[in-house]
Amino acid sequence: MKKLLGNAPLAVIVGLLLVVVIYPLVWLLQSSFKTTVEFATQPTWALPKGFAWQNYVQAWNSGMATYFLNSILAVFPSLLLILAISVSAAFALEVMTWRLRNPVLLLFLAGIMVPLQLVLLPLFTIYFQASLIDTRWALIITYTAFGLPLSVFLMAGFFKSVPREVMEAEVLDATSFYKAFYRVALPIVANGLVTIALVQFFFI
């Protein structure tokens, strides 16, 4: 009983948070099945009298299908480019040793501090001159460019956890450095790839 009473405040707080988060979603779902008259005249907590499926049909035919297609064709190519470039760049910046490694890493980190509003006009000018206005390529390039700094920074942190001895042993076993990247380093940082994929997916 003491244990239950001790956990009661936490349970109440969690319950309130669940209500705050879930209730708007439930209200949104049930309101989507209401007719226009029901939505305008009935209380917000009233259940719909029937299932007005025509709301979904009307939304889909009024442009939702195009929006959905544009989202798919803009999100997934951008996501694949961000993952491919960030994991390769982070591996080169964190594991490999070369002369300009630190300046290039600082250059990527500087991209995190560039606000989007600062580059809107230059981006528009470049895309206009390149005839990329009103194309999905403009979105893909922009999303990839703005997603790379944070992704490279996070992936570099994940590559720090890769034991250098394992990489050296793989290379000494007559394996090229690039095969060691695919066989050893990439599986170890798989959790980092999933993290970046989720973060960038919701951002895009």
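The values are calculated or read from the model by the stated rules, or taken from the named source; none is laboratory data. It should be emphasised that the depicted structure is a prediction, and the values quoted were computed from it without experimental measurement. All Cβ positions, even for glycine, are placed from backbone atoms using ideal geometry, and neighbour counts span all protein chains on display. Just the protein is used for accessible areas: all its heavy atoms, side chains included, with ligands, DNA and RNA removed. Shrake-Rupley method; radii C 1.70, N 1.55, O 1.52, S 1.80 Å.
What the phi angles of the range 47-55 give under the Karplus curve with 6.51, -1.76 and 1.60, with θ = phi - 60°, is a coupling list of 7, x, 6, x, 9, 7, 5, 5, 4 Hz, glycine and proline written as x. A dipole drawn for the chain from +1 and -1 charges on Cβ atoms has a positive end, and of Ser86, Trp60, Tyr127 the residue lying farthest that way is Trp60.
If you take the Cα atoms of the range 84-151, find Rg, then find the Kirkwood Rh from the mean of 1/r over all pairs, what is Rg/Rh?
We get a ratio of 1.06 for the range 84-151.
For the range 121-204, a simple Cβ point-charge model (Lys and Arg +1, Asp and Glu -1, everything else neutral) yields a dipole of about 120 debye relative to the Cα centre.
Sorting 55-62, 136-143, 184-191 by their mean Cβ neighbour count within 10 Å, with the most densely packed peptide first, gives 136-143, 184-191, 55-62. Taken over the C-alpha atoms, the range 138-193 has Rg and Dmax values of 14.2, 44 angstrom.
Helix by helix through the chain, keep the DSSP H runs that span 18 Å or more along the axis on Cα and average at least -1.0 on Kyte-Doolittle, and give those back in order.
2-32, 65-94, 116-129, 136-160, 190-203
How large is the accessible surface per residue of the chain, computed with a 1.4 Å probe and reported in Å² as a whole number? Dividing the accessible area of the chain by its residue count gives 71 Å².
Peptides 73-85, 118-130 ranked from most to least packed give 73-85, 118-130, packing being the mean of other C-beta atoms within 10 angstrom over each peptide's residues.
In the chain, the calculated helix contribution to ellipticity at 222 nm averages -24000 deg cm²/dmol per residue, counting -39,500 (n - 2.57) for every DSSP H run with n ≥ 4.
The alpha carbons of the chain stretch over 72, 67, 33 Å along the principal axes, in descending order.
Which sequence of Arg99, Arg164 reflects their accessible areas, 1.4 Å probe, from the largest down?
Most to least solvent-accessible, the answer reads Arg99, Arg164.
Taken along its principal axes, the alpha carbon cloud of the range 110-204 reaches lengths of 52, 22, 22 Å, longest axis first. Note that the range 23-101 carries a Kirkwood radius of 16.8 Å, evaluated over its alpha carbons pair by pair.
Could you work out what % of the accessible surface of the chain is carbon and sulfur, using a 1.4 angstrom probe and leaving DNA, RNA and ligands out of the count? Before the final figure, lay out each step's value.
Details: 10740 of 14410 Å².
Roughly 75 percent, rounded to a whole number.
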